[in-house]
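Peer 1: Dumping the structure here so I can ask a few things about it.
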Amino acid sequence: MNAAIVGASGYVGETLVKLLASHPNVDLKTVTSRSKAGLFVSQVIPALRGVLDDLAFEALDPVELSGRKDIEVAFLALPHGAAAEYARPLVDAGIKVIDLSADFRIADPAVYEAFYGASHPDVELLGRSVYVLPETVSEGWQQQDLFACPGCYPTSIIVPLVPLLRAGLIEQKGIVANSFSGASGAGKKVSEDYLFCEVNESARAYGIPRHRHLSEIEEQLAVAAGEPVVIQFNPHLAPMNRGIATTITVPSKGSSIEDLYAAWEATYAGKPFVYILPSDQRPDTKHVVGSNRVDMSAVKDDRTGNFVITSAEDNLMKGASGQAIQILNLWQGWPETMGLV
């Protein structure tokens, strides 16, 4: 399959380039970047010297890219708002789109506007898109024109909670999620907040109490629960390059830890990218960085009646680029782990 990556010079785009360069069923035809146009991929991403020496970054606008007859699938590694500008002409040209931005993650345009401060850029195309968390998505999703790839924080929260909400094992209220992300989650922005001396030896909360990913998290949890779910989401910046560690506290509704693990096992049996640890072990970001895996475990605090759930993932892999490749594999009927293990 011939592929293009739009916005290929950021952390997410760079990770996509590396993954697709070694994917046995993908021919990477086009990579775009306005700031790197004219440079060869191996100049910008030295890890790919000798691999992609002949592929150069291009500065293609949406119409130019959609006119490329050799492209079958396009990955959009762009900020929200910018992704929709490319999505429409690509879809109209018959090119499947896998969007890693937030533009098509929120099904309700009113919620999108409330959290992103602008009207949804393409409501009609939103109706032809589908949110694809591979382990929990409903049947028939492959028929849609655009696949919305989940966010990094939401993946670390939705994967543990969806089976429990579907089974009615936990309360829909009183859920608190504290997440810690590496600095790469902010992208390659030039900002004082992300200078080495500001991030190193430092951990701080941000985006409280209304981080944009909260809209996506609550919408997907509500689908699983069959009713609105409101959570307290507290993101933090951690002094590491990549990885997300999340701790979720949720009222157990009288369910046992055995009930929780049974629900997880029933949902994720045979799912290669969800690894369930024993209750006495805790996930660690250093064990998932570079992989497309979510590790998770849980304990029950009999004193409070809460489950305490912990998860860990690589924000650039299962939280973004790796998950996008997983979606591609499943859409095409290829082995789910192709190019990811």
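Values quoted throughout were computed directly from the atomic coordinates according to the rules given, and no laboratory measurement underlies them. Because the structure is predicted, anything quoted here is derived from the model rather than measured. Note that each Cβ is placed from the backbone with ideal geometry, even for glycine, and that neighbours are counted across all protein chains shown.
Peer 1: Assuming R0 = 30 Å, can you tell me the calculated FRET efficiency for the pair LYS253 and ASN2, based on Cβ-Cβ distance, to the nearest 0.05?
Peer 2: Efficiency, from the Cβ-Cβ distance: 0.05.
Peer 1: A further question on this structure: How large is the Rg to Rh ratio of the chain when both quantities use alpha carbon positions and Rh follows Kirkwood?
Peer 2: Taking Rh as the inverse mean 1/r over Cα pairs, Rg/Rh reads 0.96.
Peer 1: Which of the three applies to the stretch 145-203, rounded, prolate or oblate, going by the alpha-carbon gyration tensor with a ≥ b ≥ c and a/c under 1.5 meaning rounded?
Peer 2: oblate
Peer 1: Moving to a separate point now. As a test of understanding, state the convex hull volume per residue of the stretch 153-313 from its alpha carbons, in Å³.
Peer 2: It comes to 117 Å³ per residue, whole-number rounded.
Peer 1: Here's something else I'd like to know. How long are the semi-axes of the ellipsoid equivalent to the stretch 234-273, from square roots of 5 times the Cα gyration tensor eigenvalues, in whole Å, largest first?
Peer 2: Ellipsoid half-lengths, sorted descending, are 27, 18, 6 Å.
Peer 1: Next up: No solvent, one uniform scatterer per C-alpha: report log10 I(q)/I(0) for the stretch 8-102 via the Debye equation at q = 0.14 1/Å, two decimals.
Peer 2: With no solvent term, the Cα-only Debye profile gives -0.48.
Peer 1: Report, ordered by chain and residue number, the aspartates and glutamates lying within cross-link reach of LYS300, taken as a straight Cα distance under 15 Å and ignoring same-chain residues fewer than 8 apart.
Peer 2: GLU171, GLU258, ASP259, ASP280
Peer 1: Distance in nm between label sites at PHE40 and ALA114, each 7 Å beyond Cα in the beta-carbon direction?
Peer 2: It works out to 5.2 nm between the two label points.
Peer 1: Separate question: Compute the relative contact order of the chain as a whole-number percentage, counting only Cα pairs closer than 8 Å that sit 6 or more residues apart in sequence.
Peer 2: 16
Peer 1: Counting helices only, and only those DSSP H runs with n ≥ 4, report the 222 nm mean residue ellipticity of the chain as the sum of -39,500 (n - 2.57) divided by its residues, in deg cm²/dmol to the nearest 500.
Peer 2: Roughly -8000 deg cm²/dmol at 222 nm, from the helical runs in the chain.
Peer 1: Sort 216-225, 132-141 by packing, meaning the average of other beta carbons within 10 Å per residue, with the highest value first.
Peer 2: 216-225, 132-141
Peer 1: A further question on this structure: Given the peptides 7-20, 42-55, arrange them by the average over their residues of other C-beta atoms within 10 Å, most packed first.
Peer 2: 7-20, 42-55
Peer 1: Related question: Highest mean first, what order results for 78-85, 208-215 on Cβ atoms within 10 Å?
Peer 2: The peptides rank, most packed first, as 78-85, 208-215.
Peer 1: List, in the order given, every pair from LYS173/LYS318; LYS29/LYS318; LYS96/LYS271; LYS69/LYS96 whose Cα-Cα distance in the structure shown is over 19 Å.
Peer 2: Listed pairs above 19 Å: LYS173/LYS318; LYS29/LYS318; LYS96/LYS271.
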